[in-house]
Every structure is written in structure tokens, then in C-alpha cells.
1. Output wanted: per-residue J couplings in Hz (rounded whole) for the range 105-119, from phi through Karplus 6.51 cos²θ - 1.76 cosθ + 1.60, θ = phi - 60°, x for Gly and Pro.
2. Using packing as a proxy for protection, rank 2-11, 163-172, 88-97, 37-46 so that the peptide with the highest average count of other Cβ atoms within 10 Å comes first.
3. From the phi angles alone, apply the Karplus equation (6.51, -1.76, 1.60; θ = phi - 60°) to the range 6-13 and give each ³J(HN,Hα) in whole Hz, x where the residue is Gly or Pro.
4. I'd like to know which of VAL108, SER144, THR15 lies farthest towards the positive end of the charge dipole of the chain, counting +1 on Cβ of Lys and Arg and -1 on Cβ of Asp and Glu.
5. Provide the three semi-axes, in whole Å and in decreasing order, of the ellipsoid equivalent to the range 103-166 as defined by the square roots of 5 times the Cα gyration tensor eigenvalues.
6. Between GLY89 and residues 5 or more places away or on another chain, which pairs have amide H atoms under 5 Å apart, with H built 1.01 Å from N, and which residues are they?
7. Using a 1.4 angstrom probe on heavy atoms only, work out the carbon and sulfur share of the accessible area of the chain in %.
8. Using a Debye calculation, one point per C-alpha and no hydration shell, please list log10 I(q)/I(0) for the range 1-69 at q = 0.27, 0.28 Å⁻¹ in order.
Amino acid sequence: MTDRTAAVTRTTAETDIEVTLDVDGDGDSTIDTGIGFFDHMLDSFSTHGLFDLTVQCDGDLDIDDHHTVEDVAITLGEAFTEALDDKRGIRRFADRKVPLDEAVASVVVDISGRPYFEFDGKFSQASVGGMTSHMAKHFCRSLSMNAGLTLHCGVEGENAHHEIEALFKGLARALDDATRIDERRSDVASTKGEL
Ligand SMILES: [Mn+2]
């Protein structure tokens, strides 16, 4: 199998981002976005998806967390698109439910090349650390749009730290499953012949 890696840089007036990704890694990460809780979530995503991930973001946190979280998701989505290339042999579909104490997140994904996003649930507190809770939903949407994912997420609980962390873990596990190579499949998992 060829390497499934990517290195993507993205610079705008709002953020300056470098992401490297190895889909077939072992969960090593170096993350610095300037938002401690967001770093914790990306570290968790790497650990539970067994993705090697570096994220360096210099964003306009003097305004708020919006551009930083959104643009990291866009850049990470572009990295998945680049790393998965023609998506030959991948399982494509996956679903995971992950609990964290009272919270449960569900993630259903199709690496379809057809971006579509649905979200069911609310976060119990408005923010966690320096991250606005609704930006966790926006992260998933932006990842979906830029990695070409059909993505359905849901979350319930009483503690937003738990809710968001369960969501990132569920996203990691579902994407780990969906990106696995099925050795029986020599082509692309689509009757169209492409994804
Ligand atoms: Mn935590």
C-alpha cells in the first residue's frame, strides 16, 4: 500500500495553518492551536483514530475562536482528501457510538466525496476552556465539507466537556474504521467506479 499521508498549509488574513497527517499512523500528535481545549480534542482525535497528526495554527484569537477552529477543520479535511487520494480499497462506511460518563456521541460517516452534514443535539454549557461549544459542531461541518464526508453526528449529556470529547472520539473511531483498507477490495467501493 502506498503511503496515505498529506502535508497541507493554508494561509489567510485570519489564520496561518500547517497540518501533517498520516492516516496509517499510531496516534502520535503535536498540536498547537492556541486554544487549550481544542488542542486536547485534536490530541484525542489523533489518539483514538490512530492518526499521526501535527497541527500548528496561528489564528486571530484576539477576535474569538471561530476562524481558528473552522480553518483547522478545513485544513484537516483537505489533508484527509489528499492522503486518501483515489480512496481505493477503503471500507468507506462506518458508525460509532462513544460514551464519556453521562455523555454519548454517535457518528455515522460515508467517505463519499459528497459533502453532507447533519447534527442532532445541544451542548450543555456555552463554552469549555477557550472554545465555544457550538464550534465543535462547526468543526464537524467544515471537516465534512472539505474531506468530502457524508457525516451524521449526534450528542447528548449534561457536561459540555464530556459531550465534545465524546464527539471527537466518535469522529476519530468512525474515520479510523471507514479509512481502513479491505484487503478483498482491489478497486473503489462504489458502483460508479469512483468516490
Ligand atoms: Mn477531557
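The values are calculated or read from the model by the stated rules, or taken from the named source; none is laboratory data. Predicted model only: the values in this text are computed from it and were never measured. Every residue, glycine among them, receives a Cβ derived from its backbone with ideal geometry; neighbour counts consider all protein chains shown. We work out accessible area using only protein heavy atoms, side chains counted, and drop any ligands, DNA or RNA first. Shrake-Rupley method; radii C 1.70, N 1.55, O 1.52, S 1.80 Å.
1. In residue order, the calculated couplings are 10, 10, 9, 10, 10, 10, 7, 9, x, 10, x, 7, 9, 10, 9 Hz.
2. On the way: 2-11: 14.3, 163-172: 26.5, 88-97: 17.3, 37-46: 23.0.
Ranking, from highest mean packing down: 163-172, 37-46, 88-97, 2-11.
3. For the range 6-13, the Karplus curve yields 8, 10, 10, 10, 9, 10, 10, 5 Hz.
4. VAL108
5. Values: eigenvalues 98, 30, 11 Å².
Here the semi-axes work out to 22, 12, 7 Å.
6. ASP187, VAL188, ALA189
7. Values: 3950 of 9080 Å².
Looking at the chain in its full context, I get 43 percent from C and S.
8. -1.16, -1.20
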